[in-house]
Amino acid sequence: MAKPGTRKASIDRITLPDDLTDSDGARLRSGDGREAERYSGIDLDGRDLTGISFTECEFTRVSLHEAKLRGASFSECLAADLHAPVFSAPRSSWRDVRIEHARLGSVEVYEATLRSVHIDGSKLDFVNLRNATLTDVLISNCIIEELDLGSATVQRLELQNCRIGTLDVGGAKLKDVDLRSSEFSAIHGLEGLRGATIDDAQLSLLAPLLAAHLGLRVE
């Protein structure tokens with residue numbers, strides 16, 4: 001019996017209501033519950049939005065530099081052209097979210113939960129997903145300097161046509177993680193790659209790292 005192939009991420013289609021309410025964000029507070037709102041061209045830099053929840057909301061050209069989003073929740077949301085040299089959302093929750101053309105520097109989303117999330121055409125510097133839980137996540141056409149999945153639990157993650165400087169999977173638990181079609185300059189924690197799928201070209205590039213990891217001498 002043939003072995004089943006790598007399962008693809010299942011990304012739900014997001015359809016927002018036609019009657020979104022435009023908001024300038026002035027009344028946003030920590031712990032708020034916001035629903036069916038549109039945020040466009042606003043500055044939320046440095047705002048304390050701890051524990052806030054957004055449902056069926058749209059974000060366009062929003063600046064979130066050093067906004068405090070610890071424990072925030074995003075459900076059925078669309079975001080485009082987000083900007084934040086420092087994006088801080090540890091222990092946050094993301095379900096049915098699409099992010100396009102974001103420019104984020106340090107992305108602190110450790111211990112977060114992501115389900116049915118698509119990130120496309122974005123440039124991210126350092127992405128900290130340590131101890132996070134990812135299920136059905138697609139990252140496409142992105143440039144990422146460092147992607148840290150250390151000790152994360154990951155199921156059905158696809159990296160499509162991405163350029164990634166360093167991938168850290170030390171202590172990670174991976175299942176149906178597809179790395180084909182993406183480029184990596186370095187991979188740390190090779191033992192954490194169990195459960196990932198790579199192609200022949202990637203295997204040849206990994207060979208020296210695997211040999212060093214296993215203590216093999218090649219002559």
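What does the range 82-132 give for Rg and for Dmax, in Å, if only its C-alpha atoms count?
Using the Cα atoms of the range 82-132, the pair Rg, Dmax is 10.3, 26 Å.
Of the peptides 113-126, 144-157, how do they stack up when ordered by the mean number of other Cβ atoms within 10 Å, highest first? List each step's numbers first, then the result.
Values: 113-126: 19.6, 144-157: 21.1.
Going from most to least packed, we get 144-157, 113-126.
Could you check the spin-label model distance between residue 199 and residue 10? Points 7 Å from the Cα along Cα→Cβ, value in nm.
2.7 nm
What number, in nm² with one decimal, is the all-direction average of the projected area of the convex hull of the alpha-carbon atoms of the chain?
Values: hull surface 51.9 nm².
Taking the Cα atoms of the chain, their convex hull projects to 13.0 nm² on average.
Cα centroids of the range 30-64 and the range 85-147: how far apart, whole angstrom?
17 Å
If R₀ is 25 angstrom, what is the calculated FRET efficiency for the pair residue 126 and residue 214, using the beta carbon separation as r and rounding to 0.05?
0.30
Listing 68, 175 from the residue with the fewest other Cβ atoms within 10 Å to the one with the most, what is the order? All intermediate terms of the calculation are to be shown ahead of the outcome.
Working: 68 18, 175 15.
If I rank by nearby Cβ atoms, fewest first, I get 175, 68.
Using only the alpha-carbon atoms of the range 1-115 as identical scatterers, what base-10 log of I(q)/I(0) does the Debye formula give at q = 0.22 Å⁻¹?
Those come out to -1.36, one per q.
Would you please put 74-87, 185-198 in order of how densely packed they are, using the mean number of other Cβ atoms within 10 angstrom per residue and starting with the highest? The partial results should precede the final answer.
On the way: 74-87: 19.4, 185-198: 16.4.
My ranking of the peptides, most packed first, is 74-87, 185-198.
Looking at the P(r) of the range 148-219, how many percent of alpha-carbon pairs lie beyond 19 Å? Working shown, then result.
On the way: 740 of 2556 pairs.
Percentage above 19 Å: 29.
Once every DSSP H run of n ≥ 4 in the chain is given -39500 (n - 2.57) and the sum is divided by its residues, what mean residue ellipticity at 222 nm do you get, rounded to the nearest 500 deg cm²/dmol? Working shown, then result.
Working: 1 runs with 15 residues, N = 219.
Rounded to the nearest 500, the figure is -2000 deg cm²/dmol.
Quick one: compute the contact order of the chain, relative version, from alpha carbon pairs under 8 angstrom and 6+ residues apart, as a percent.
On the way: 677 pairs, mean separation 26.4, N = 219.
After rounding, I find 12 percent.
Can you give the extra length, in nm with one decimal, that the chain gains between residue 22 and residue 38 once fully stretched, where that is 0.36 nm per residue apart less the Cα-Cα distance? Mind dumping the intermediate values first?
Numbers: separation 16, 0.36 × 16 = 5.76 nm, distance 0.47 nm.
The span from residue 22 to residue 38 would gain 5.3 nm if fully extended.
Calculated FRET efficiency, residue 173 and residue 141, Cβ-Cβ r, R0 25 Å, to nearest 0.05?
After rounding to 0.05, the efficiency reads 0.40.
Note down the net charge around residue 100, summing +1 for each Lys or Arg and -1 for each Asp or Glu among other residues with Cβ under 9 Å from its Cβ. Present the calculation step by step, with values, prior to reporting the outcome.
Values: positive: 98; negative: 81, 120.
Net charge around residue 100: -1.
What is the total of Lys pairs in the chain with C-alpha atoms under 25 Å apart, excluding same-chain pairs fewer than 8 positions apart?
Numbers: 3/173; 3/175; 8/123; 8/173; 8/175; 68/123.
Counting lysine pairs in the chain gives 6.
For the chain, find the longest principal axis of its Cα atoms and tell me its angle to the long axis of helix 200-214, 0 to 90°, nearest 10.
The two axes meet at around 70 degrees.
Taken together, the values in this text are just the output of simple stated rules run on the coordinates, not laboratory data. Quantities reported herein were computed from a predicted structural model and do not represent experimental measurements. Every residue, glycine as well, gets a Cβ built from its backbone with ideal geometry; the counts of neighbours run over all protein chains shown.
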